[in-house]
Structures are given as structure tokens and as C-alpha cells.
Amino acid sequence: MEKERPSKHLHFPKSQWVLLAGILFLAATIRSPLTSVGPIISNIRDQLQISNSLAGFLTTIPLLAFAIVSPFTPRIAKRFGMSRTLFYAMIILLIGIIMRSVGTSTLLLIGTFLIGVGIAFANVLLPSLLKLSFPLHIGLMTGLYSVSMSISATLASGIASPIANETVYGWQGALGIWGVITLLAIIVWIPQIRKKKEVIKTVQKNTKSKPALPIWRSPLAWSITIFMGLQSFLFYTTASWIPVVLQTNGMTADAAGWMLALVQLAQLPMMFIIPVVADKVRDQRILVVAVFACYLIGYGGVQFGSESLTALWMIFIGLGGGSAFGLAMMFFTLRTNTPDQAASISGMAQSIGYLLASVGPVLFGMLHDFTGSWTAPLYTFIVVATILFISGMYAGKKRYISLEPKQNAS
């Protein structure tokens with residue numbers, strides 16, 4: 001059977017359009033189960049009569065699951081095939097959503113962990129799948145995938161409270177509704193199971209010529225990992241604490257919530273634009289400079305600027321965050337030669353990255369408790385953004401991760 005040749009034009013065969021639909025549905029499931037929790041955490045706490053610490057831990061459990069599962073994901077995908085692994089991951093995600101929505105504290109915790117496990121597989125494998133299936137359109141497809149993920153995440157955070165407080169379904173319905181989207185994703189993904197498993201095996205057979213060095217030995221892989229980790233650190237710490245900081249400065253709780261929503265809205269266009277631009281330019285360091293500038297203006301404005309311009313500072317934080325996320329996703333594919341390498345660096349970067357992300361909110365709070373003010377914690381944003389800039393400048397130069405063992409001189 002003659003192989004289909006990739007084309008720079010968007011004249012894909014029907015099978016590719018079906019694959020793209022599957023990817024977009026998968027993307028819609030990997031943030032919405034997480035962002036739906038925050039707005040209704042008090043409802044969950046009050047009904048189940050759990051402590052504030054345990055309620056807060058609900059947002060940390062998935063990040064820990066990401067860190068635990070991500071390093072093993074490429075190896076599991078090699079064994080079972082990428083598409084089949086993603087299919088099983090979505091089933092795990094669906095089971096987790098159902099268990100979490102039953103209404104008991106034990107099942108809430110177990111279900112939340114399973115949700116983290118299912119999402120971890122998708123986080124790691126989707127960038128590799130894009131490199132494999134759309135090699136000439138990586139930027140465009142990464143942008144579409146990122147936007148689908150972000151729109152569903154924003155929608156989830158927006159409708160959670162109305163469903164929990166204004167319908168008979170309560171917080172269980174607000175969390176469980178995302179099981180419907182996950183079920184649709186599973187159904188749409190079914191055509192990929194057999195086909196993609198065969199393709200993955202062929203690619204692996206053709207590219208496995210000599211033993212490769214562990215990806216942990218690559219300085220470029222570490223720079224990408226640090227970049228990925230620190231942008232996650234900034235996002236999750238901002239989401240956890242910026243509303244509190246703004247309320248301390250005199251803003252109402254509702255207004256502070258809208259300011260955080262503004263951050264997420266500002267991310268949306270950059271999550272699409274930056275991958276497309278990054279795919280077309282030879283060197284991504286100028287984009288890293290732009291990310292750093294946005295972060296400096298945004299976080300610097302919160303620290304030193306006028307409170308009347310808070311909305312502007314939030315927009316710049318969102319622009320920087322959306323751009324950083326888009327770049328991180330593109331580094332997985334732009335700095336690797338094969339889908340297998342892309343999966344490996346994605347697993348490494350997301351494992352360590354989400355460990356860093358889970359540390360961020362805790363560190364921010366500890367600094368506030370220790371100093372009694374928000375000054376020192378806010379400085380951490382600028383320090384972390386600077387380290388992100390340094391790692392991004394190394395990752396942004398055109399080169400590829402080399403895992404070939406050095407030849408001994410004869």
C-alpha cells in the first residue's frame with residue numbers, strides 16, 4: 001500500500017481530519033477537570049466536612065500524579081502504541097471523573113488521582129503525536145490543540161459555580177459534566193487505535209539503529225525542562241495567589257476573580273499565535289525575549305505599578321504565560337528528531353515541571369508567612385521569570401537533542 005506523503009497544504013485525507021478532531025477532543029479534556037475545582041472548592045469542603053488543607057490538596061494531587069506518571073509514559077507508549085495508550089488514558093480519566101463526582105471524601109481523593117494519571121499520558125504524548133502525524137504543520141496543530149485546551153479550561157472555571165449553586169446537580173454535577181466530554185473524546189478516538197499502533201511500531205523500527213543515551217544526559221533537554229517547569233510554576237502560583245494579593249490591596253473578591261479570568265483570556269491568542277510563529281522562524285530566542293518582557297511588565301506592575309492599571313498588568317502576565325506555554329510545547333518537537341525523542345523530552349520536562357509547579361504556591365505562601373508581607377513573594381515572580389529567560393535563551397537556539405553515544409577513538 002502506498003504511503004501518504006505529507007503536504008504543506010491543508011488538503012488532508014479524511015483519516016487525518018478524523019485524527020485532528022480526536023486530538024482537539026482530547027485537548028478539551030486535559031485541563032477542564034482541573035480548572036472546574038477551584039471555583040467550587042468551598043462547596044466541596046462544606047458538604048464533605050473536610051479541612052481547608054485537604055481541600056487545598058485537591059489541586060495538588062493531579063500535579064503530583066503528573067510528576068509520578070510522566071517519566072514512564074514514553075516507555076508504556078512504546079509497548080502498547082501511542083494511540084492505544086491515549087485511549088486507555090481517557091478511560092482512566094473518565095473513571096476518575098465518575099469516582100470524584102460520587103460524593104464521598106475517599107472517592108474524591110482516589111478519583112482526583114486517577115484524573116491526574118489520565119491527563120499525564122495526554123500531556124506527554126500529544127506533542128509527540130503532532131510531530132508524527134502533522135510534521136509539516138506542527139506549529140498550526142500545536143496552536144489548535146493549545147486553544148482547545150485553554151477554551152475548555154476557561155469554560156470549566158466559568159460554569160462550575162453556576163452549576164453547583166443554581167442547579168439541583170450541586171458540586172457533583174459541576175465536576176461530573178466533564179465526563180460527558182471525555183466520553184465523546186473516547187468515541188471520536190476509537191478509529192485511531194489500530195491504525196496508529198502500527199504506524200508507531202514502524203517508526204520505532206526504522207529509527208532504532210543504536211542504543212541511545214538517556215535523555216537526562218542532554219543539556220538541551222534540561223534547558224527545555226527548566227523552561228517548561230518555570231512557566232508552570234508561574235502559572236499555578238499566579239492562579240493560587242494573585243487574587244489574594246489583589247484583595248489584600250483593597251480589591252473585592254469578585255473583581256480579583258475577574259482579574260484572574262483576564263489572565264486566562266489574554267493567554268488564548270498567544271497559545272495559538274506563538275506555536276505558528278515559532279514553527280516558521282529559524283531561531284526562537286526573540287520570542288523568549290518577548291515572553292520575559294511581558295512577565296517583567298506584568299509582575300513588575302503588580303509590585304511597583306499603579307493599582308488603577310491592574311487589568312493591564314494581568315493582560316501582560318497572560319500574554320507572557322500563553323507565549324511561554326506555546327513555546328514549551330514547541331520545544332518538544334522543534335528540538336527533537338523523532339516522535340520518540342519528543343515523547344521522551346515531554347515526559348522528562350512535564351515530570352519535573354509539575355513538581356516545580358506544585359512547589360510554587362507553597363513557597364509563595366511560606367514567604368508571606370515568614371515576612372508578613374507580599375513584597376518578598378512577589379519578587380519570586382521576577383526571579384523565576386529571569387531564570388526562565390536564561391533557560392529559554394539556551395533552548396531557543398536552533399539545534400537538536402543528541403542522544404547518540406560518543407564513538408571511542410580507535
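The values are calculated or read from the model by the stated rules, or taken from the named source; none is laboratory data. Bear in mind that the values here come from a model prediction, so they are computed numbers and not experimental data. A quick note on method: Cβ atoms are made from the backbone with ideal geometry, for glycine too, and the neighbour counts reach across all protein chains shown. Side chains included, ligands, DNA and RNA excluded: accessible areas come from the protein's heavy atoms. Shrake-Rupley method; radii C 1.70, N 1.55, O 1.52, S 1.80 Å.
Laid out as a table, the results:
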read-out: Dipole in debye (nearest 20) - the chain, about Cα centre, beta carbon charges: Lys, Arg +1; Asp, Glu -1; value: 2160
read-out: Inter-probe distance in nm under a simple model that places probes 7 Å from Cα toward Cβ, at R79 and S308; value: 6.3
read-out: The chain - mean residue ellipticity at 222 nm from DSSP helices (-39,500 (n - 2.57) per run, n ≥ 4, rounded to 500); value: -26500 deg cm²/dmol
read-out: Nearest-0.05 FRET efficiency for S402 and V281, computed from C-beta distance (R0 30 Å); value: 0.85
read-out: Gaussian network model of the chain, springs between alpha carbon atoms under 10 Å - residue of G305, G38, G250 with greatest fluctuation; value: G250
read-out: Proportion of all alpha-carbon pairs of region 34-87 beyond 14 Å (%); value: 64
read-out: Choice from S351, S161, S306 with maximal GNM fluctuation in the chain (Cα, 10 Å cutoff); value: S306
read-out: Three-way shape label, the chain, alpha-carbon gyration tensor, a/c 1.5; value: oblate
read-out: Within the accessible area of region 77-204 (1.4 Å probe), percent carbon and sulfur; value: 71
read-out: Extension reserve of the Q16-T386 stretch, reckoned as 0.36 nm per residue once the Cα distance is removed; value: 129.2 nm
read-out: Dipole of the chain, positive end: most advanced residue of I190, L54, I286 [Cβ charges, Cα centre]; value: I190
read-out: Gain in span if fully extended, L48 to S373, counting 0.36 nm per residue against the direct Cα distance; value: 113.7 nm
read-out: Quarter of Cα convex hull surface for region 94-178, i.e. mean projection, nm²; value: 6.0
read-out: Angle between the chain longest axis and helix 375-395 axis [Cα atoms, degrees, rounded to 10]; value: 10
read-out: Between region 44-116 and region 311-374, the alpha-carbon center distance in angstrom; value: 20
read-out: Residue range of the chain that is longest and free of trypsin sites (Lys or Arg not before Pro) which are both DSSP loop and sparsely packed (at most 13 other C-beta within 10 Å); value: 9-207
read-out: The chain: most fluctuating residue of V117, V147, V180 per GNM, C-alpha cutoff 10 Å; value: V180
read-out: Where N is the number of residues in region 1-157, Cα Rg divided by 2.2 N^0.38 Å; value: 1.17
read-out: On Cα atoms only, tilt of 14-29 relative to the major axis of the chain in degrees; value: 30
read-out: Between region 234-261 and region 146-190, the alpha-carbon center distance in angstrom; value: 23
read-out: Accessible area per residue, Å², the chain with all protein chains present, probe 1.4 Å; value: 45
